[in-house]
Structure formats: C-alpha cells, structure tokens
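Undergrad: Can you keep this structure in mind? I'll have questions shortly.
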Amino acid sequence: MTDLTQTNLTQKQVRERIAARLASRHRKEKIFRGFGIASIAFGVLAVLVLFTDIISKGSSAFVQSQIQLQVNYDPAELGIDKVDQESLAWANFDGVIRNALRERFPDVTGRSEKRELYSLVSSGAGFDLRERLQNNPELLGQSETVWVNADDDVDTYVKSLSKSKDGFLGRTSEQKAVWINALRDSGELKKRFNKTFFTNGDSREPEQAGIRAALVGSLFTLLVTLVLSFPIGVAAAIYLEEFAPKNRWTDLIEVNINNLAAVPSIVFGLLGLAIFINFFELPRSAPLVGGLVLTLMTLPTIIISSRASLKSVPPSIREAAMGMGASRMQVVLHHVLPLAMPGMLTGAIIGMAQALGETAPLLMIGMVAFIVDVPHGITDPSTVLPVQIFLWADSPERAFVERTSAAIMVLLAVLITMNTCAVWLRKKLERRW
Amino acid sequence: MSTMTLNAGPAAAVGDSTAEQNLVNTKADIKTVGSPFCDDAKLRMRNVNVFYGETQAIHDVSLDIGRNQVVAMIGPSGCGKSTFLRCLNRMNDTIEGCRVEGELSLDGDPIYGAKVDVVPLRARVGMVFQKPNPFPKSIYDNVAYGPKIHGIASRRAELDEIVENSLRRAGLWNEVKDRLDKPGTGLSGGQQQRLCIARAIAVSPEVILMDEPCSALDPIATARIEELIDELRENYTIAIVTHSMQQAARVSQRTAYFHLGKLVEVNDTETVFTNPEHELTEAYITGRFG
Ligand SMILES: Nc1ncnc2c1ncn2[C@@H]1O[C@H](COP(=O)(O)OP(=O)(O)OP(=O)(O)O)[C@@H](O)[C@H]1O
Ligand SMILES: [Mg+2]
C-alpha cells in the first residue's frame, strides 16, 4: 500500500526520469560554479592590475636623488654671529650652498650658467641646513659633508636614466646633464631613501613635498569619526533594536536611516559647511569638522550593521537571561552586546574605511587647502590622504605623478592595517565563545 | 486505498471521525472538570485569558499550583501550554502584542500589575526552557550569573559555595567540577539542561517552570532529570510542560490537561491516567488524537 504503487509510475520509470535530469543538473551546477570562479578571478585580476600599476608608478617616490656637498657654515656668509632662533631665521643658507656648488664646479662662470648650477639643488635644501645647524650649534664656522635633496627636475632625469640610456631630459639642459653625470660618476649624486616624503607636509616643490601632514590629518579625522560614530551608532542601534517600541515612528526612523546611508557624501559636506562652520563657527579645514561630517556619513552604516548583528544574537540567550531576572539593560550589556560586538566592529571598520577614502565632503569644508604644516591637534588646519592624492594628481610636475601613486600606496597601507586590526580584534572577541 | 478501506471497515472509520468531530465541537462549552484548586496554593490563577494580537490563545483558565507540588501540563501541540506557563513569570511580556488578563498571584502577591517589578518576580519564579540555553560563558559564570545580578552573594567564597551547591543539586557537580572555567556550551545536551537547572536554582527560586525540559534529551539524561525533579520537589514548587505521558505520570502529583487554549481537566495524576473524568482527556491519553 505504498504511495508509489498508487501513482502510475513504476520505480524503474522514476529512476529513469531522475537519471535523465541528472546530466543537466550537474551541468547547471558546473556553470554556476564556473561563474563564481570567474567573478573571483576577475576581482583578483583587477586588484593585481591596480596594485602593479600603482606600485610600479609609485615605488620610485620612496627614493630621492641627493647630492653630496662640502658645506662651510661660514658666519660671514651666513650673516650671523651666534646660533639662535632669530639669527637662524635670517641666515643665508642658500649662499652657503651656492658656495659649496661653486667650489665643486670651479669652472662655472657667468650669471646664467651659475644660476643653472644652483638649480641642481632643491630650493628647500637651505631649510635642511638650518635645521642641522640649529641642532648642532657647534658647527658654526666648521665644514662638513652633507647630502641635500636634488631638484625635482634632476631627480626626474636621474630616475629616467634607469629606464633608458639617454634618459628624459625634460626641463633639464644639456649642460646640467653633464654636471649630473659627473656627480653620479664620482658617487656624489645618489638615489637615497626619501625621508622627506614621510616627514614633510605638502609643498609646491615636489622634492620637498611629503605625506606627513595628510597622514596625520587623516588619522586625526578618523579618530574624531570613530570616537563619535561608534558609540553613537551602537547606542542608536541598541535602542532601536532592544528598547524602542515597534510603531510608526520607529518605522519612519528606520526608513530614514536607510535613506541616509544612500545620500551622496557631498551632501554631508554641504551640511557640515552650513552647520559646523557657518553656524557653530568651528575652524575651517580642521580634522574636527572633517570628523563630524564623516560621522554623519558613517553613522547609518554603523547603525544598520550594528542592528543586523544585534538581530543575529539567538533569542534563546535573551530568554535565558530574562528568565534569570536580568533587567533589559543587563540582558543587553551582559549577553547581547558581547555576542554582537564582532559584527558591530566589522560594520564600524567598513564605515571607517569608507571615511578614510572620502574626498568630496571634505572639499566642502575646506580640507582641500594647501597645507604645509603637520597638524598638531584636531583644530589645526589640515588635509587628508585622499584629498592630497587629488591635489597631487592635479599637479603638472612629473615628480608629482610618482608621489601621487606613492600616496595611494600609503592610503592602501593604512587601509590594510585597519582591516588587519579589525580581523584581529574580531578573532579576539569571538574567542569568548 | 481500496484495500485499506476494506480492512478497516467503512463503518468503523466513519464512526471514529464523527466521534472525534463531536469531541472537538464541544469545545465551545468546555468547563474545567476535576479539582483545579487546592488549599495551600503557591500559585493562584483565576480567569486567565491570553491574547496574541487578536487571537486568543488561553481561554478563561483557573488553576492552583500547590506548595512543593509538581504539576504536569499536558495536551496536544498548540493548545497553549507554553503560553500559560510563560504567564507565570511574565516571559510573555517580551512577545510583541501578547496580552494577559486575569488574576495571577504568587503567595498572594500579584504577578501582573503596573507596580509589579518583573526582576524580583523572575528571581522567585525560575524557568528552564525546552532547548538547553546556557550562556556562552564558563560553567561557573553560568551558575553564578543569577546570584551576581541579584546581589545574593557578596564574597567570592559565598559565590563559590552557591555554585557548588546548585551544581550538586542539579547532579552535575561530579561531571564538571574540574572544568568549571570551560564553556557551558561545550557540555552535552543533557549536561547543558542540568546546567540550566543549576542556573535556575542558584537564585533559590520558590517556583521552577519547565517547558518540555527533556524533549531534546536521550532516555538516560531524561531519567536523570526526572530524578532531579523528584528531589527538587522538597524545596520547590514545579510546573512542568511535557509531551510524554509517562513522564507526567512519573514526576507529577497533579496533571492538568489543556485543549485548544482551555483547561479541560485537573486531577491527581493517578486519576488522570487511570480514570480520566473528561472524554477529551481520555481520548488524548489513549492516543486517539493529539
Ligand atoms: N509569539 C506568538 N505569536 C502569535 N501566536 C502565538 C505565539 N506563540 C504561540 N502562539 C499561538 O498560541 C497558541 C498556543 O501556543 P503554545 O506555544 O502555547 O502551544 P503549546 O501548547 O506550547 O504547543 P507545543 O506543545 O507544540 O509546544 C498556538 O496556536 C500558537 O500558534
Ligand atoms: Mg510549547
């Protein structure tokens, strides 16, 4: 009296039908898997292309041509008789460098030739010498051998020599090339690690331009964003998920949070400009305002992901705690939150990564200004990494091209570090069973 | 199909189903039979109605649960046993749209009411759930949680003592005493359920509610928990929901039979299983429906 005998199919027929469909089922599965592999391969390929492109373009920015000079901190030439703040500010370090260059190439005469010669060295080299003298006042009146940055045109030419034999002269004259090659042959011009890139802020001169100000600005901005958006976002999510009554108002709030997540980020920039800068009169270009604007932008992301991870906490845990007589607050703090924390952190990191790469809203609040000094606090004017990339990508000098890519590499490095921290944190928290 | 009809006989089949039909149709005027009230009631429930939104899940149930008594609640799936049980420590509060009417009191103290705080109530009325649900914390922390949040133990030594006592009474101490710092979720299903019982008794409740506590357990673990219930009866009042008639017969003194949200019969367990008063009860325990 089995069901099978009641249908008009025999077992054999059934088996045949299954077998007939089997081939197409397997085929479909293969195709599906093929699609999956193909899309992953595409993704990996895209990342690889991006990375090789950026690294091949940007890695040369981490070295910089430097010229060895025998400088004499001659008080007469410098025009000072003691080393203190005021006299250093007026001291003629450029003259010292010019002397050193003239001594190295005594044959050079004539005004234009000399000017050509002086332009071998970065116009910022004087600042380096000043710093050295400030740190070692006993050097006044002494001679020493120092490495100073070469001009960016020189640097571009030297770097191009490794690609082709004649190199790319660009704005470098034939005469200059002769000097450069002479210095190279004698080992007085070398590509050395580009410390400037990591210690300086932006500059009009590529060889003096560094990522420090933007990096510190980004870190300050992210700090403000994290400190504000994570607690606010988590608190909002907990309230909405655990405490708020389910009614029309909370539905409305939920819909609006979801909408907010899709608002173009530049709108938050305009809002920030109107509210934080024009109304509250907070300083322009400051990480504080940048962080506030990015908080507005990342809050929806954090709230949505926090709510999702709160929802995913099994209800049996809540019931168990409630059944023990835990108050709602205790249920949340002792049981739900620890279990939801890894998920919340993931959401927060995604939000932070988004904030780190954000440019448009920051342009609105003036973080696009040309800023040379490394910021020391959240109210100092500063810029951020993506804006710095944007600025350099816009600059005509060839030397800025490699710096653009190098800045992207720094940005990616920060991103990877952040994500690694997140994974590590999550692992650590998850181990609490 | 034809063979079956022939075997069973058309008359018998038809007769059976109409009999059942008649039973079900009587639901409109079900009156609780037996002895729902007792003199020394720990829990008193009078005219309890429970609604989930618009639908009523419990209809006018009145019942007493006596001191140091085990009352078993049986009935077909969906008849409202869990719903009724969850009223007793207000776990229904957590369900959106659930509304409870009627008078419920614990030792004369009202259970529902604007002034009643559920936190101390739930400390007095503990609960063990159908599926073992230890916290994802250590065995020690699981048991110590209740005493900690209610501030029962102030010193570590006191807490240690409570934990050990509770685990001993739940019959779990010997199995876990060397791994108190290991996660409670790493225990076997039966051990987890005993851990949940230990957790519930750690706050010395007066009443323990158990909703099918053995449904996920093998016969040996079940027997262990039934033994435990018998031991616990000395100090606690217990209400247990079960689908196993044998279990109800083994552990309880009184049995309440629910049908479609109504309390059909309450009697001594022995009476219910040997000589049920109501025909619905009889139909259920003889396995004619459910
Ligand atoms: N959260 C809820 N929302 C709406 N209706 C519910 C809810 N929980 C239970 N019900 C309904 O209330 C009635 C009683 O359910 P209850 O869970 O109390 O039954 P039960 O007797 O415990 O069944 P079982 O033996 O299967 O556990 C059922 O009809 C069920 O569909
Ligand atoms: Mg149930």
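The values are calculated or read from the model by the stated rules, or taken from the named source; none is laboratory data. Given the structure is predicted, the values throughout are model-derived calculations rather than measurements. Here the Cβ is made from the backbone with ideal geometry for all residues, glycine too, and neighbour counts use every protein chain on show. Side chains are part of the model used for accessible areas, which takes the heavy atoms of the whole protein and leaves out ligands, DNA and RNA. Shrake-Rupley method; radii C 1.70, N 1.55, O 1.52, S 1.80 Å.
Undergrad: Do me a favour and compute the ellipsoid semi-axes for region A:6-64 from its Cα gyration tensor, root of five times each eigenvalue, largest one first, whole Å. Write out the running numbers ahead of the final one.
TA: Values: eigenvalues 632, 8, 5 Å².
Semi-axes, largest first: 56, 6, 5 Å.
Undergrad: Is there a simple number for the mean count of other chain Cβ atoms within 10 Å of the Cβ of residues in B:118-130, and what is it?
TA: Shielding by partners across B:118-130 averages 3.
Undergrad: So, one more: Distances over 17 Å make up what percent of all Cα-Cα pairs in region A:98-140? Walk me through the numbers before you get to the answer.
TA: Working: 385 of 903 pairs.
The share of Cα pairs beyond 17 Å in region A:98-140 comes to 43 percent.
Undergrad: Given N residues in the protein assembly as shown, what is Rg(Cα) / (2.2 N^0.38 Å)?
TA: 1.50
Undergrad: With all protein chains present, how much of the accessible area of chain A (probe radius 1.4 Å) comes from carbon and sulfur, to the nearest whole percent?
TA: Result for chain A: 61 percent of the exposed heavy-atom area is carbon or sulfur.
Undergrad: How large is Rg over Rh for region B:79-134, taking Rg from the Cα atoms and Rh as the Kirkwood inverse mean of 1/r across Cα pairs? Please list the in-between numbers first.
TA: Details: Rg = 11.6 Å, Rh = 12.2 Å.
Result for region B:79-134 is an Rg/Rh of 0.95.
Undergrad: Over region A:212-429, what is the mean sequence separation of C-alpha contacts under 8 Å (at least six apart), divided by residue count, expressed as relative contact order in percent?
TA: That works out to 32 percent.
Undergrad: Something else now. Of all the accessible heavy-atom surface of chain B, with the other protein chains kept in place and a 1.4 Å probe, what percent is carbon and sulfur?
TA: Ligands and nucleic acids excluded, carbon and sulfur reach 49 percent.
Undergrad: Spin-label point model (7 Å from Cα, Cβ direction): what's the residue A:13 to residue B:286 distance in nm?
TA: Taking the simple label geometry, residue A:13 and residue B:286 are separated by 4.4 nm.
Undergrad: Please report, in debye to the nearest 20, how large the charge dipole of the protein assembly as shown is about its Cα centre when each Lys and Arg carries +1 at its beta carbon and each Asp and Glu carries -1 there.
TA: Rounded to the nearest 20 debye, it is 1720 debye.
Undergrad: Another question about this same structure. Which of the peptides A:288-295, B:174-181, A:356-363 is most tightly packed, and how do the rest follow, going by the mean number of other Cβ atoms within 10 Å of each residue? Could the numbers behind the result be given before it?
TA: Values: A:288-295: 26.4, B:174-181: 13.4, A:356-363: 20.8.
Top to bottom by mean Cβ count within 10 Å: A:288-295, A:356-363, B:174-181.
Undergrad: Sticking with this structure for a sec: If I take the Cα coordinates of chain B and project them onto the principal axes, what are the three extents in Å, biggest first?
TA: Largest first, chain B extends 72, 47, 35 Å along its Cα principal axes.
Undergrad: Further, regarding this structure: So what is Rg over Rh here for chain A, counting just Cα atoms and using Kirkwood for Rh?
TA: On the way: Rg = 31.5 Å, Rh = 26.9 Å.
Rg/Rh: 1.17.
Undergrad: Within region A:290-319, name every residue whose backbone N is under 15 Å away from a label modeled 7 Å from Cα of residue A:232 along the Cβ vector.
TA: A:290-304
Undergrad: Moving to a separate point now. Leaving out ligands and nucleic acids, and using a 1.4 Å probe, what accessible area per residue does region A:212-429 come to in Å²?
TA: Accessible surface, normalised per residue, equals 44 Å².
Undergrad: Can you compute the modelled spin-label distance between residue B:253 and residue A:239, with each label point 7 Å from Cα toward Cβ, in nm?
TA: 5.1
Undergrad: If you don't mind, another one. Using packing as a proxy for protection, rank A:370-377, A:344-351, B:58-65, A:257-264 so that the peptide with the highest average count of other Cβ atoms within 10 Å comes first. Don't skip to the answer; put the middle values down first.
TA: On the way: A:370-377: 15.1, A:344-351: 22.5, B:58-65: 20.9, A:257-264: 13.1.
Ranked by mean Cβ neighbours within 10 Å, highest first: A:344-351, B:58-65, A:370-377, A:257-264.
Undergrad: Could you give the size of the charge dipole of region A:212-429 about its Cα centre, using +1 on the Cβ of each K and R and -1 on the Cβ of each D and E, expressed in debye and rounded to the nearest 20?
TA: 580
Undergrad: Quick one: which of B:195-201, B:119-125, B:81-87, B:282-288 comes out on top by average Cβ neighbours within 10 Å, and what's the full order, highest first? Could you put the intermediate results ahead of the total?
TA: Numbers: B:195-201: 27.0, B:119-125: 18.9, B:81-87: 23.3, B:282-288: 15.7.
Highest to lowest by the protection proxy: B:195-201, B:81-87, B:119-125, B:282-288.
Undergrad: Expressed as a rounded percentage, what relative contact order does chain A have, with Cα pairs under 8 Å and six or more residues apart?
TA: 19
Undergrad: OK, next. For region A:1-80 and region A:195-248, compute the distance between their C-alpha centroids and round to whole Å.
TA: Spelled out, the Cα-based centre of one part sits 29 Å from the other.
Undergrad: Ignoring ligands, DNA and RNA and using a 1.4 Å probe, state the total buried accessible area between B and A in Å², rounded to the nearest 100.
TA: In total, this chain pair buries about 2000 Å².
Undergrad: What's the average, rounded to a whole number, of partner chain beta-carbon atoms within 10 Å of each residue's beta-carbon in A:313-322? Walk me through the numbers before you get to the answer.
TA: Numbers: counts 1, 3, 2, 7, 4, 2, 7, 13, 5, 9.
Counting Cβ atoms of other protein chains within 10 Å of each residue's Cβ and averaging gives 5.
Undergrad: Here is a follow-up. From the gyration tensor of the Cα coordinates in region A:61-205, what semi-axes in whole Å does the equivalent ellipsoid have, largest first, with each one equal to sqrt(5λ)?
TA: They are 27, 18, 13 Å, listed from largest to smallest.
Undergrad: Please give the helix A:212-238 orientation as an angle from the longest Cα principal axis of chain A, in degrees from 0 to 90, rounded to the nearest 10.
TA: Helix A:212-238 sits roughly 20 degrees off the main axis of chain A.
Undergrad: Now, a different point. Return the average number of partner chain Cβ atoms within 10 angstrom of each residue Cβ along peptide B:134-141.
TA: Details: counts 3, 10, 8, 5, 2, 0, 0, 1.
Across B:134-141, the average partner-chain Cβ count within 10 Å equals 4.
Undergrad: What residue among A:43, A:8, A:31 has its Cα farthest toward the positive end of the dipole of region A:2-59, where the charges are +1 on Lys, Arg and -1 on Asp, Glu, each on the Cβ?
TA: Sorting the options by dipole projection puts first A:8.
Undergrad: Can you tell me what percent of all Cα-Cα pairs in region A:212-429 are more than 24 Å apart? Mind dumping the intermediate values first?
TA: Numbers: 11551 of 23653 pairs.
For region A:212-429, the fraction of Cα-Cα distances above 24 Å is 49 percent.
Undergrad: Summing -39500 (n - 2.57) over the DSSP H runs of n ≥ 4 in chain B and dividing by its residue number, what mean residue ellipticity at 222 nm do you reach, to the nearest 500 deg cm²/dmol?
TA: -11000 deg cm²/dmol
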